[in-house]
Amino acid sequence: MHRIDARPWALALTLGALALPPSARAAASGPASAPELAASAASSAPAAQALGPRLRIAAVRGIELRGNQARIDLVLQVRNPGGWKLSLDDIRFHCSFNGTATAQGHSTGDLDLPPHGMAEVPVRVDVDGAALLQVLAALPPDGLVHYQLDGDAELGHTLLRVPFHEQGEVALRLR
């Protein structure tokens, strides 16, 4: 049996209520239900950012080219910015390198992060070989590429998904 820590939900509900414009809060005739507030928190950018993980690509451990297909082994660094335990069941993302949509992937296991904690998660993604070759052909001498991760993470067996949009730079080299 799983125990649910009520603190993240209380924060979600509070942030969801605060995310409403003052006119909407004033117009509400009665208290909103927990599902309504949770939905509001999930749809609010500041609330979702407060609830959700922060991700970055820590490293590219390998690139394998096979004809039209390729495989990239990434290491994602997942950070919990909040002051409560964050349980994630699934992280799904789209990744672009230097503006070229290159890969989509997902984590394959549960991840529990302590308050303000972080973990590294290896992820293997299959990518379009032509898109990857386009990126590799334009690599600068240092091999650094700009990446963008867009996706969402499911919070601890709740079906509540919080979005994330992260970007940074990572070395991308054939080995």
- Message: Can you give me the distance in nm between label points at Arg173 and Gln134, each placed 7 Å from the Cα along the Cα-to-Cβ direction?
- Response: 2.6
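Within a Cβ distance under 9 Å of Ala103, other residues only, what is the Lys/Arg minus Asp/Glu net charge? Intermediate values should be presented prior to the final figure.
Working: positive: none; negative: Asp126, Asp128.
Within the 9 Å Cβ shell, the charges total -2.
Taking the Cα centre of region 76-175 as the origin, how large is its charge dipole in debye, to the nearest 20, when only Lys and Arg (+1) and Asp and Glu (-1) carry charge on their Cβ atoms?
Values: 7 positive and 13 negative charges, 37 e Å.
With only Lys, Arg, Asp and Glu charged at Cβ, the dipole is about 180 debye.
What does the net charge come to around His116 if you take all other residues with beta carbon closer than 13 Å to its beta carbon, with K and R at +1 and D and E at -1?
Numbers: positive: Arg54, Arg79, Lys85; negative: none.
Neighbourhood net charge equals +3.
Read the figures in this text as sums done on the coordinates, not as results from a lab. Model, not experiment: these values are computed from the prediction. With ideal geometry, Cβ positions are generated from the backbone for all residues, glycine too; neighbour counts draw on all protein chains shown.
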